[in-house]
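A.B. asks: Take this structure first; my questions come after.
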C-alpha cells in the first residue's frame, strides 16, 4: 500500500515537472514548489506508513501476549481442576476404605455375637439332654438351626453330636414306654 502511494506521488511529481528531456528550460518556481510539495507529501506518507506498520506490529504483539496469557490461565484452570478431581478421588477412596473397615468390623462383631450365642445354646442343649428335657432340647436345637451365620466347624460338630444324643435319648425313652 505504501509503495503504491509513493509510486503515485512520484508519477504526479513527474507529470507536474514534465518528463520531456528535450526542453532545456529550467523549472519555474511553481514547478519547484510543486516538486517540493510532492517530495514532502511522499516523505510524510512514508513516515505515516512506518508509524502504521509500528502500530500494527505493536497490536500483533499485544494480541499474542493476550493470547499467551489466556492460554496460561486456561492451562492453570485445567491443572487446578485435575488437582481438585484427584483430591476428591483420594478422599472418596479413603471414605470407601473406612466404610469397608467399619462394615467388616460390624460383621465380625455380629458373627462373634452369634457364635457366642450358639456356644451358650449348645451348652444349654447338652444340659437339657442330660436332664431328659427333650422338648426344651428340641426347641434349643431349632434355635441353633435358625442361626444364619455359618458356625465354625467345631461348633457344628457339637450341634450334630447333641442332635445325635437327643435322637438316642428319644429312642431310648420310646423303648422304655
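None of the figures in this text is laboratory data; all of them are computed from the coordinates on show. Quick caveat, the model's predicted, so the values are computed rather than measured. Note that each Cβ is placed from the backbone with ideal geometry, even for glycine, and that neighbours are counted across all protein chains shown.
A.B. asks: Look at residue 83 and say whether it is under 30 Å from residue 154 (Cα atoms) and either free of Cβ contacts under 8 Å to residues at least 24 places away in the same chain or surrounded by 10 or more Cβ atoms within 10 Å (Cβ to Cβ) (or both).
C.D. replies: No, not satisfied.
A.B. asks: Please find, among 106, 154, 139, 118, the residue that is assigned to a helix (DSSP H, G or I) and within 17 Å of residue 168 (Cα to Cα).
C.D. replies: None of the others qualify; the one that does is 139.
A.B. asks: Quick check: anything in the stretch 91-112 surrounded by 10 or more Cβ atoms within 10 Å (Cβ to Cβ), touching a residue at least 24 places away in the same chain (Cβ under 8 Å), in contact with a helix residue (DSSP H, G or I) (Cβ under 9 Å, 6 or more places away or on another chain) and under 30 Å from residue 164 (Cβ atoms)?
C.D. replies: Taking every residue of the stretch 91-112 in turn, none turns out to be surrounded by 10 or more Cβ atoms within 10 Å (Cβ to Cβ), touching a residue at least 24 places away in the same chain (Cβ under 8 Å), in contact with a helix residue (DSSP H, G or I) (Cβ under 9 Å, 6 or more places away or on another chain) and under 30 Å from residue 164 (Cβ atoms).
A.B. asks: May I pose another question? Residue under question is residue 143, and the condition is that it be surrounded by 10 or more Cβ atoms within 10 Å (Cβ to Cβ), free of Cβ contacts under 8 Å to residues at least 12 places away in the same chain and over 28 Å from the mean Cα position of the chain (by Cα); does it hold?
C.D. replies: For residue 143, the condition - surrounded by 10 or more Cβ atoms within 10 Å (Cβ to Cβ), free of Cβ contacts under 8 Å to residues at least 12 places away in the same chain and over 28 Å from the mean Cα position of the chain (by Cα) - is not met.
A.B. asks: Give just the number: which of (1) part of a helix (DSSP H, G or I); (2) touching a residue at least 12 places away in the same chain (Cβ under 8 Å) does residue 132 not satisfy?
C.D. replies: It fails just one condition, (1).
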